[in-house]
Amino acid sequence: MRKKVKNCVEIVQRDENVISKASRAPYFPLVMKSGRGAIVEDMDGNKYIDMFSSAAVLNTGHCHPKIIQAINEQIDKFIHFSTDYMYSEPQVQFAEMLTKITPGDFKKKVCFGLSGSDGNDGAIKLARSYTGRTKVISFIGAYHGSTYGAISLSAISLNMRRKIGPLLPEIYHMPYPDCYRCSFGKKREYCLMECLEYMKTAFQNYIPSEEVAAIIIEPIAGDIGFAIPPQKYMEELYRMCKEKGILFIVDEVQQGFGRTGKWFSIEHFGIVPDVIIMGKSIASGLPLSAIVAREEIVDALNMPAHLFTVQGNPVCAKSAIATIEVINEENLIEHSNVLGEYIKERFNFMKEKYELIGDVRGKGLSIGVELVKDRITKEKDTQAAIKICYRCWQKGVILIFLAENILRVQPPLVITREEVKAALNIIEETIQEYIDGKISDQALEIVKGW
Ligand SMILES: Cc1ncc(COP(=O)(O)O)c(C=O)c1O
């Protein structure tokens, strides 16, 4: 059990005094001091197994020696020099690597930025300027970030949109193909892809498809709750895009870079998108985003419609190059698949024992565990999610939840099987404690979540 909290609590109090509350969804007072691989130490010396990876930002884990070396070598030479006006070799090298690891054997180009959010904004700009159309389709429940364009694409939280309007016009949200929580009340066996029919109806009645520039989708929907669309849905969506001249754009900010057991989650569907947005893990924690798209799409955007003073910063680019090398050299994509299967097996085993677990889903090391009050009604058990995550933190496992009730299991891809086993043992023990009513209500005052 976690014992010392003094230093962490003191910093949290200072934080509350000076840092915007709009920038954090609080879970527990964890202030990090150091980290290695999948292990985190806080300011009071408590150690944790990290099942969160800083929201899927640390696929290569904490402080990988090769990443540190790449960063140090670059810092020793120079930290930044504008690529808005001049050129940078690390940026070019990383862009060349990206064009090779992304699906599609056509000519591609890259736009750099600093966050997944600006990547999403850039994708809207690319789509509009290439197609000459204005409308964009995204999905209910999606999170694409918090710049104006990204918020306009997102539809996950009213508070995110309140008081800041008007947002970007001409963005339309469709039901996501979430088969556990089907918007049309269907079961998988009886699915007639009503969600896609809904979009088709929209195209017939109020959204002229010849005015639609792009559909932007997360192929495996992170914050919606790790929903995985049916293969036939994705194929039909893609076919419809091609038929109507709509760009098929994927947001791989959270699921990309090996997280789901492929370089990019869209590869699970065998579909080659027109545009890919990436961020989070690509520079192992340094701020960097990238949009990779067909050359003609990138070239359609005028200068200076998408540039940032520190875009593709060389320290970030070197870290990103090392990130690709580490993922390749350490076989992390395969590791993600193998460990992901093990984790799902363990949670499915728990599901047989505990009615609380309604569904286990995901790919690679991107797994969601639905906690429900009732398996038939699927009523979300938010209290369970709060208490279990809080107690796990007290016992040395960093685990959070999303969509009110879904345990978000996304450890660094470098985590060992022993570490995973130890974390899962604690999680299972904690689920049992929750069921036995042994976790106090204290957590409910502290954990706010999304
Ligand atoms: C799918 C997805 N897209 C975009 C973003 C925004 O990325 P960032 O926070 O780097 O701006 C996130 C962040 O959580 C995300 O999960």
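The values are calculated or read from the model by the stated rules, or taken from the named source; none is laboratory data. Since we're looking at a predicted model, the values are computed, not measured. Every residue, glycine as well, gets a Cβ built from its backbone with ideal geometry; the counts of neighbours run over all protein chains shown. Just the protein is used for accessible areas: all its heavy atoms, side chains included, with ligands, DNA and RNA removed. Shrake-Rupley method; radii C 1.70, N 1.55, O 1.52, S 1.80 Å.
Of note:
- Overall form of the chain per C-alpha gyration tensor (a/c, 1.5; a/b vs b/c): oblate
- With DNA, RNA and ligands ignored, accessible area of ASP118 (1.4 Å probe; Å², nearest 10): 20 Å²
- Total charge dipole magnitude, the chain, about the Cα centre, Cβ charges on Lys, Arg, Asp, Glu only, Debye to nearest 20: 680 debye
- Coupling constants for region 125-132 follow from the phi torsions by the Karplus curve (6.51 cos²θ - 1.76 cosθ + 1.60, θ = phi - 60°), and in residue order they are 4, 4, 4, 5, 6, 6, 8, x Hz; glycine and proline get x.
- Selection from ALA283, VAL447, VAL250 lying farthest towards where the dipole of the chain points positive, charges on Cβ: VAL447
- Under a Gaussian network description of the chain, with springs only between Cα atoms under 10 Å, the residue in ILE216, ILE386, ILE101 that fluctuates furthest is ILE101.
- Region 348-432: Rg to Rh, with Rh as the Kirkwood radius over Cα pairs: 0.94
- Ranking GLY104, THR309, ALA123 by how far each Cα lies toward the positive end of the dipole of region 66-329 (charges on Cβ) leaves ALA123 at the top.
- Among ASN302, ASN337, ASN313, residue whose mean-square fluctuation peaks in a GNM of the chain (springs only between Cα atoms under 10 Å): ASN302
- Stretchable slack from TYR206 to SER157, in nm (0.36 nm times residue separation minus alpha-carbon distance): 15.2 nm
- Structure note, pairs LYS135/LYS242; LYS47/LYS380; LYS262/LYS351; LYS47/LYS318: Cα-Cα distances above 22 angstrom occur for LYS47/LYS380; LYS262/LYS351; LYS47/LYS318.
- Separation of alpha-carbon centers, region 244-288 and region 332-368, rounded to whole Å: 22 Å
- Coupling constants for region 248-262 follow from the phi torsions by the Karplus curve (6.51 cos²θ - 1.76 cosθ + 1.60, θ = phi - 60°), and in residue order they are 9, 10, 10, 8, 10, 4, 8, 9, x, 6, x, 3, 9, x, 9 Hz; glycine and proline get x.
- Using a cutoff of 8 angstrom between alpha carbon atoms and counting only pairs six or more residues apart, the relative contact order for the chain works out to 22 percent.
- Within the accessible area of the chain, the carbon and sulfur atoms contribute 53%, probe 1.4 Å, all protein chains present.
- Each peptide among 151-162, 251-262, 19-30, 67-78 gets the average number of other Cβ atoms lying within 10 Å of its residues, and from highest to lowest they stand as 251-262, 151-162, 67-78, 19-30.
- About the Cα centre, charge dipole magnitude for region 66-329 (Lys/Arg +1, Asp/Glu -1 at Cβ), debye: 540 debye
- Solvent-accessible ranking of LYS163, LYS47, LYS200, LYS387, largest area first, probe 1.4 Å: LYS163, LYS47, LYS200, LYS387
- Between GLN13 and SER34, the FRET efficiency estimated from the beta carbon spacing at R0 = 22 angstrom works out to 0.50.
- Surface exposure of the chain, expressed per residue as accessible area with a 1.4 Å probe, stands at 43 Å².
- Whole-angstrom gap from region 1-79 to region 400-436, using each part's C-alpha centre: 19 Å
- Between THR99 and GLU236, the contour length at 0.36 nm per residue exceeds the alpha carbon distance by 46.7 nm.
- Karplus-derived 3J(HN,Hα), 6.51/-1.76/1.60, for each residue of region 4-19, Hz, glycine and proline x: 9, 9, 3, 5, 4, 4, 5, 5, 4, 5, 5, 4, 4, 6, 10, 10
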